[in-house]
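Asker: Attaching a single structure in structure tokens format; questions to follow.
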Amino acid sequence: MRENSNNNKKVENSLIGNAIISKQIKVDKNVNNVDDERYKFLIKHGNIKRIDEQDKTIFAELPQIPGILVVQRKQSERNFNPERLNLDRKDLTHMTLMEGEEKLRLLCYQHNKIEKIENLVSLPNLIFLDL
């Protein structure tokens, strides 16, 4: 992934077959109006892989832990639905890292490509995991 000159877009190159496909993910680096420090950190320092506007969720990879996605919902979304997170049909190959989701009780990963249960240590109240 390389950053575009306009600093608000990142270009993701992915190899599909023998062709390299580039897709641009619009990232607004101006996070002054965001109250959530974790969300700000991921936007500023992470390699954004996906932004789900509907769920107000970002999927990012941090340079310190390459190959592992970190999921972060905006504080408003966590406040609206603190006990449930739906990550189905996101084409995930592993369970993501999550911080600030201590109230989460139900986590849905249906219809993904996950082969190993991991990264649940930060979810002390999780009682239902839907794979």
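Just so it is clear, none of the values below were taken in a lab; they were calculated from the coordinates. Predicted model, so just to flag it, every value in this text is computed and none were measured. All Cβ positions, glycine included, derive from the backbone under ideal geometry; neighbour counts span all protein chains shown.
Asker: Short version: ³J(HN,Hα) in whole Hz for each residue of region 63-68, in order, from phi by Karplus 6.51 cos²θ - 1.76 cosθ + 1.60 (θ = phi - 60°), x for Gly and Pro, what are they?
Answerer: Here the 3J(HN,Hα) series is x, 6, 9, x, x, 10 Hz.
Asker: Right, another one. In nm, to one decimal, how far is the I68 label point from the K103 one, both placed 7 Å along Cα→Cβ?
Answerer: 2.6
Asker: Using θ = phi - 60° and the Karplus curve 6.51 cos²θ - 1.76 cosθ + 1.60, what whole-Hz ³J(HN,Hα) does each residue of region 118-131 get, with Gly and Pro shown as x?
Answerer: Per-residue couplings from phi come out as 7, 6, 10, 4, 8, 10, x, 9, 5, 10, 9, 10, 9, 9 Hz.
Asker: Okay, moving on. In whole Hz, what ³J(HN,Hα) sequence does region 39-54 give by Karplus (6.51, -1.76, 1.60; θ = phi - 60°), x for Gly and Pro?
Answerer: Those phi angles translate into 4, 4, 4, 5, 5, 6, 10, x, 8, 6, 9, 7, 10, 9, 5, 5 Hz.
Asker: I've got another one for you. Which cross-chain or sequence-distant (5 or more) residues have an amide H under 5 Å from the amide H of D36, H modelled 1.01 Å from N in plane?
Answerer: Placed amide hydrogens put Q75 under 5 Å from D36.
Asker: Would region 31-130 count as rounded, prolate or oblate if I go by the C-alpha gyration tensor, calling it rounded below 1.5 in a/c and otherwise prolate when a/b exceeds b/c, oblate otherwise? Write out the running numbers ahead of the final one.
Answerer: On the way: a/c = 1.60, a/b = 1.18, b/c = 1.35.
Since a/c reaches 1.5 but b/c is at least a/b, the shape of region 31-130 is classed as oblate.
Asker: Over every pair of different alpha-carbon atoms in region 62-113, take the mean of 1/r and invert it; report that Kirkwood radius in Å.
Answerer: Working: mean 1/r = 0.0840 Å⁻¹.
It is 11.9 Å.
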